[in-house]
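Asks: One structure follows; several queries about it will come next.
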């Protein structure tokens, strides 16, 4: 049988699960779109009314448009 050549390796292999305590990430909230487009996208998120969509919508409005001096 083909699996026999892997028998030693399989005996030495462990399987485990990790549960992260925290996560960090980087998100892009449409900062290269016009203010009008960002407002429209934010409004669609507000209509969905999930807590994360409401938070993202409020942050999208704060982002300066293309060509501005930045945050």
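Read the figures in this text as sums done on the coordinates, not as results from a lab. Predicted model, so just to flag it, every value in this text is computed and none were measured. Heads up, the Cβs are rebuilt from the backbone with ideal geometry, glycines too, and the neighbour counts pull from every protein chain shown.
Asks: Take the range 4-35 and flag every residue that is within 13 Å of residue 63 (Cβ to Cβ) and assigned to a helix (DSSP H, G or I).
Replies: Listed by number, the list holds a single entry, 35.
Asks: Select, from 39, 48, the only residue that is in contact with a helix residue (DSSP H, G or I) (Cβ under 8 Å, 6 or more places away or on another chain) and surrounded by 10 or more Cβ atoms within 10 Å (Cβ to Cβ).
Replies: Within the list 39, 48, the selection yields 39.
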